Amino acid sequence: MVMKSFKELGVSAELIKGIEEKGILEPTEVQELAIPYLLQNKGDFVCQAQTGTGKTAAFGLPVLQKIDPDLKQVQVLVLSPTRELAKQIAKQLFHYTKYTAKIFTEAVAGGEKIERQVEALSRPTHIVVATPGRLIDLLKAKAVDLSNIDTLILDEADEMLSLGFKDDLNKILEFTRGANNTWLFSATMPKGVRALIDKYLSPDSERLTIDRRNPVNKNIEHWFTVCTIEEKPDEIARFIKAQKGQRGVVFCRSKAGAQNIAEALVERGFEVGVLQGDLSQKDRDKVMRGFRKERTEVLVSTDVSARGIDVEGLGYVVHHQLPDQIEYYTHRSGRTARAGRKGVSMAFVTKGDFKRVREIEQELHIKFRQIKRD
């Protein structure tokens, strides 16, 4: 397939100027396939694409181009699993519209005072980016009017369900049945996501699957090494040191595991940030700010706490243990090799984990390379 330019896809010159300033020069596969369809058609749309493939621009550019800036009402609702991702989407849309007529986007999520968000939404707003729980709160308070929305976008639908937003999503989708377009984006298609599609989206909605045989980004190398539980801190430290200053994320299954491995890495001289469920939103923001500004070189996180993390240029992810759920492996490994870069997903396993390694290989159509220790 010959790579097309954003101009050939139908994106306006003003939007192209905005995205080029952010370093987006050529469309990714999901952008090349989704953008022309979404610009030219009305109706429902389902897209399955790996994490880190450029889905925000794939839905963001068409939706921005369709908005009427003179119409001072909410025309688009974007649902996102986490506060970090909601703010990031809003920020990206803001950058894309630097040279267009003024389009106002507001991100609303838990962890911030609802009074400020109510006040912000009282001003003209074209796009609302929200986490499901906070949107329900704002609807109850009659602080947001969704009666005129043209497009509803569910971003990272699988993550929203895994975070427990099923009931909230059902309420919101019932409320927004009048939308002309519902676009659903998801890295994986578990049973819960398929049930939402069957219940709320048109049976003849357009379906797009990017690289069905490869649900995990092909730019990621998958490695594993065998060690005992006691050896893991030293082996993980040795691996990180060998990455020569590249930054990455270490994933743990539990809060206690995250805390323990973080302490072990600090003892071995690394600057470490920790994300786990007991953190307040303020502390979580502080950890992420330190990591983004490169004050810390390693982020240690549980699976749930890592949802919505999107930091550019991460060279690797480490699995202190392999995840319980296969789809978590997709989300974990997708933190690296974003925007066309390459990355490594390294698992530290015990002898009893061999079966799990083979299951992940088979399910995700990937191949692990065993790294022998000296």
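The values are calculated or read from the model by the stated rules, or taken from the named source; none is laboratory data. Since the structure is predicted, the reported quantities are computational estimates derived from the model, not experimental observations. Reconstructed Cβ throughout: ideal geometry from the backbone, glycine too, with neighbour counts over all protein chains shown.
Summary table
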quantity	calculated
Test: residue in region 139-155 that is assigned to a helix (DSSP H, G or I) and not charged (D, E, K, R)	yes
Of all residues in region 217-236 being more than 18 Å from Lys372 (Cβ to Cβ) and buried (at least 18 other Cβ atoms within 10 Å of the Cβ), the one that is nearest to the chain's Cα centre (by Cα)	Asn217
Odd one out for Lys17 among (1) crowded, with 17+ Cβ neighbours inside 10 Å; (2) farther than 27 Å from Asn148 by Cβ; (3) modelled with pLDDT of 95 or more	(1)
Among (1) at pLDDT 95 or above; (2) of a type outside the set (Lys, Arg); (3) on the phi > 0 side of the Ramachandran plot - the single one Ala90 does not satisfy	(3)
Residue pairs meeting the criteria (Cβ under 8 Å; at least 6 apart or on separate chains; first closer than 13 Å to Ile261 by Cα and among the acidic types (Asp, Glu), in region 220-245; second crowded, with 18+ Cβ neighbours inside 10 Å and at pLDDT 95 or above)	Glu235/Thr225; Glu235/Phe348
Unique residue being touching a His at 6+ places or on another chain (Cβ under 9 Å), of a type outside the set (A, V, I, L, M) and within 19 Å of Ala179 (Cβ to Cβ) when the list is Asp150, Asp158, Asp68, Asp145	Asp68
Evaluation of Lys372 against (1) in contact with a strand residue (DSSP E or B) (Cβ under 9 Å, 6 or more places away or on another chain); (2) buried (at least 17 other Cβ atoms within 10 Å of the Cβ) (one fails), failing number	(2)
Contacts under 8 angstrom Cβ, first residue in region 17-29 being more than 19 Å from Phe59 (Cβ to Cβ), partner assigned to a loop (DSSP other than H, G, I, E, B), 6 or more apart	Lys17/Lys98; Lys17/Tyr99; Glu21/Lys98
Answer residue from region 255-287, given it is modelled with pLDDT under 90 and not charged (D, E, K, R) and is surrounded by the most Cβ atoms within 10 Å (Cβ to Cβ) among those	Gln276
Residue match in region 213-222 (condition: part of a loop (DSSP other than H, G, I, E, B) and of a type in the set (Val, Ile, Thr))	yes
Residue that is farthest from Arg332 (Cα to Cα), among those in region 47-79 that are touching a strand residue (DSSP E or B) at 6+ places or on another chain (Cβ under 8 Å), modelled with pLDDT under 95 and buried (at least 23 other Cβ atoms within 10 Å of the Cβ)	Lys55
Residue in region 291-307 that is at pLDDT 85 or above and assigned to a helix (DSSP H, G or I) present	yes
Every pair of residues 6+ apart whose Cβ atoms lie under 7 Å, when the first sits in region 143-160 and is under 25 Å from Glu115 (Cβ atoms) and assigned by TED's automatic domain parsing to the domain that holds Asp68 while the second is buried (at least 19 other Cβ atoms within 10 Å of the Cβ) and among the polar types (S, T, N, Q)	Asn148/Gln75; Ile149/Gln75
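So that you can scan it fast, the table gives a plain yes or no per residue for (1) in contact with a strand residue (DSSP E or B) (Cβ under 8 Å, 6 or more places away or on another chain); (2) assigned to a helix (DSSP H, G or I); (3) at negative phi:
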{"site": "Phe224", "(1), (2), (3)": "yes, no, yes"}
{"site": "Glu230", "(1), (2), (3)": "no, no, yes"}
{"site": "Glu235", "(1), (2), (3)": "yes, yes, yes"}
{"site": "Ile240", "(1), (2), (3)": "yes, yes, yes"}
{"site": "Gly245", "(1), (2), (3)": "no, no, no"}
{"site": "Val249", "(1), (2), (3)": "yes, no, yes"}
{"site": "Ala256", "(1), (2), (3)": "no, yes, yes"}
{"site": "Gln259", "(1), (2), (3)": "yes, yes, yes"}
